[in-house]
1. Dividing the Cα radius of gyration by the Kirkwood radius, what Rg/Rh value follows for chain B?
2. Can you give the angle from 0 to 90° between the axis of helix B:221-233 and the longest principal axis of chain B, with both taken from C-alpha atoms, to the nearest 10?
3. For the residue pair residue B:23 and residue B:262, what label-to-label distance in nm results when each label sits 7 Å from Cα along the Cα-to-beta-carbon direction?
4. Given a Förster distance of 35 Å, report the FRET efficiency between residue A:10 and residue A:109 from their Cβ-Cβ distance, rounded to the nearest 0.05.
5. Got a sec? How would B:313, A:224, A:87 order by Cβ neighbour count within 10 Å, fewest to most?
6. How big is the equivalent ellipsoid of the stretch A:130-220 along its three axes, where each semi-axis is √(5λ) from the Cα gyration tensor, reported in whole Å from largest to smallest?
7. Give me P(r) over the stretch B:235-291, computed from all C-alpha to C-alpha distances, binned every 10 Å, as integer percentages.
8. Take the Cβ-Cβ distance between residue B:152 and residue B:323 as r, set R0 to 25 Å, and report the resulting FRET efficiency rounded to the nearest 0.05.
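A short reminder: the numbers here are calculations on the coordinates, not readings from a lab. Just so you know, these numbers come straight off a predicted model, no measurement behind them. Please note: Cβ atoms are built from the backbone with ideal geometry, for glycine as well, and neighbour counts cover all protein chains shown.
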């Protein structure tokens with residue numbers, strides 16, 4: 001049985017003020033209506049001690065005022081698509097009559113602290129801490145504990161915070177299966193990470209998890225990764241360099257590129273070597289960056305579901321907000337959002353081993 | 001206002017790389033790191049400006065109402081506005097208007113109820129909604145962003161006419177006499193302005209406008225694909241093409257590729273809207289880059305002025321886009 005909810009009336013009584021006064025202070029309009037600092041402090045202290053949490057739904061209905069949640073991310077603009085995360089969050093919030101305070105930290109810890117303070121000052125009901133590319137983050141010490149969800153990030157230290165992440169392990173499996181289903185078994189090379197689990201760019205959760213999935217799926221089919229090349233960053237020039245290097249010594253049958261930008265670079269290296277995709281070499285990658293449907297042949301890629309991630313984070317946050325903050329068995333659930341395969345044109349069955357290869361060095 | 005995005009572009013790296021260098025969150029190749037630091041110096045980017053202005057206990061807030069779905073530059077605009085607002089000590093409250101005038105009205109009234117200090121509004125499409133009337137009556141400090149829907153308000157948008165004329169002139173400078181255009185959906189102001197610019201450009205170069213050189217792409221890839229096909233089927237097809245937005249450029253390129261038409265060898269191409277990967281294509285695309293960060297920064301600046309001086313006369317500011325000359329127009333760059 002849950003304890004009786006602390007109401008506004010309780011807070012008002014404890015502070016020795018009227019309910020409207022308490023309400024004005026707690027909704028941040030105290031100063032505007034010239035409620036004395038002293039009174040305001042009394043109300044805030046009472047609310048704090050009683051662990052008052054406003055009844056969200058009824059407040060919204062009563063005053064017609066929208067509630068808010070804070071969305072603090074390292075940056076919004078890493079790619080147009082990453083903006084979809086905010087779109088998803090915005091729309092999920094809107095469905096519940098909430099608006100979003102947005103803050104960008106650019107990865108700066110001090111700025112993050114200030115933004116969290118700013119969100120707190122504006123009485124957000126919950127927080128989403130988002131990262132534009134999947135990684136581990138140091139969870140900031142919050143100003144005041146409040147419902148918080150990590151988006152696209154896992155905490156460096158253990159924290160009882162729910163996290164919403166793309167299902168990168170399954171994505172790895174899906175990518176590998178796309179090749180297996182087309183009949184590939186030999187000459188499958190990884191570009192961007194691998195072949196060993198430790199051959200990953202530092203701090204990249206995506207690399208580790210995709211690799212796990214790839215190796216699992218291939219292992220299940222009794223297929224071995226023929227080789228891999230780690231790239232220090234996943235940009236076209238790194239994909240180009242790594243693939244070029246690979247092509248000096250071996251002619252691959254298929255490439256699993258760890259993201260679309262790498263695949264772009266790989267395409268170029270293959271083109272330079274006179275190899276055709278997918279006839280000579282199949283290519284599969286990850287992210288479904290807009291570039292994937294632009295380049296020719298269009299890339300078969302496992303999509304990062306930015307919009308769904310944003311929505312899910314907000315939905316999970318609402319569960320936290322509606323839930324009982326005093327529950328002692330709070331745990332940090334990890335919610336995995338599926339990454340769909342965009343099967344396009346870059347994967348085809350391997351050509352006959354007997355077929356003469358043209359022009360590869 | 002210099003953003004991390006500008007630094008990234010200047011250094012020729014991704015934004016995440018700039019972030020890694022600044023925050024030392026990942027080891028970056030020394031040469032790259034030097035390039036980034038150099039870019040920071042050259043652009044005058046200031047990493048911690050924002051940090052100084054957020055005051056504890058303050059509730060200064062700016063509301064931003066725009067449509068997430070229809071705005072191609074959504075992320076960049078939000079980012080630029082957030083940074084500039086933060087510099088001034090304001091937090092940004094974001095609301096989605098869904099490009100629907102009714103939702104827009106609800107959003108605007110909600111922002112007003114929350115007592116935001118000012119509102120930035122990218123108006124929904126269609127005839128002027130009641131949101132504007134509401135804002136006017138309430139006297140809420142407001143700046144219209146991107147879509148300049150009413151001169152009764154401060155407005156900031158893109159200058160389309162001269163920019164397009166300059167683009168046409170640039171292509172004429174490469175020797176083209178038959179310059180075609182794929183224009184956007186009718187009824188949009190940007191479409192009309194870019195068409196006007198196209199005609200002005202032709203006039204300024206002493207070239208005649210020819211209907212056979214113009215086709216409507218309806219602002220989407222599929223219709224643009226057909227439009228380009230149409231243009232190339234004519235008896236005297238264009239030798240250069242201006243495509244009025246990014247979606248249509250995709251369609252245009254599909255047709256060119258399918259027909260085996262090479263760029264810029266067979267046809268020169270210049271497209272509106274820069275993409276982060278425009279420089280990765282072969283050929284590298286010559287584009288007209290929207291000054292989004294600049295628009296965002298200017299919008300906040302104008303709003304702060306309005307907040308400080310509620311009675312000042314409304315102004316409309318039009319910012320010029322940047323012509324990013326690469327290879328597809330015929331310029332032999334690097």
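1. 1.01
2. 30
3. 4.6
4. Details: r = 37 Å, r/R0 = 1.06.
FRET efficiency, residue A:10 to residue A:109: 0.40.
5. B:313, A:224, A:87
6. 32, 13, 9
7. Computed distribution, short to long bins: 23, 60, 15, 2.
8. Given R0 = 25 Å and the Cβ-Cβ separation, E is 0.20.
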